[in-house]
Amino acid sequence: MNKTLSCILLALLFVAAAPLAAQTKVKVKRYPLETCIVSGDKLGAMGKPVRFATQGREIILCCQDCRKDFDKEPARYLKLLEK
């Protein structure tokens, strides 16, 4: 199969899968704090907060460095959110 045909087929696959991805909505618990769960700093104090979802929870951290710390021990920080 030539490269052009392969590229066309791949593009069609992405176009066909896009509506399916758009229909998949996951319910995520909102982040309840106004501070970073890692540093305790007010969200927005370090610039634009870092947002992501994990294990059904929205997480908002004050900076990318806190994301690195969160990723090392996610269970620890998720447990703090449950309190």
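Coordinate-derived values only; no laboratory data. Small disclaimer: the values here were computed from a predicted structure and weren't measured. Cβ placement follows ideal geometry from the backbone for every residue including glycine, while neighbour counts extend to all protein chains displayed.
With a Förster radius of 41 Å, plug the Cβ-Cβ distance of ASP65 and ASN2 into 1/(1 + (r/R0)^6) and report the FRET value to the nearest 0.05.
Efficiency, rounded to the nearest 0.05: 0.30.
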Next on the checklist: If I model a spin label at LYS29 and GLU73 as a point 7 Å from the Cα along the Cα→Cβ vector, what separation in nanometres do I get?
Outcome noted: 2.0
Next on the checklist: Students often forget the sequence filter, so: which aspartates and glutamates lie under 20 Å Cα-Cα from LYS72 once same-chain residues fewer than 8 apart are removed?
Outcome noted: ASP41, GLU58, GLU82
Checklist entry - Taking amide H positions as placed 1.01 Å from N in the peptide plane, with prolines and chain starts having none, which residues 5 or more places from THR54, or on another chain, fall under 5 Å of its amide H? => result ILE59
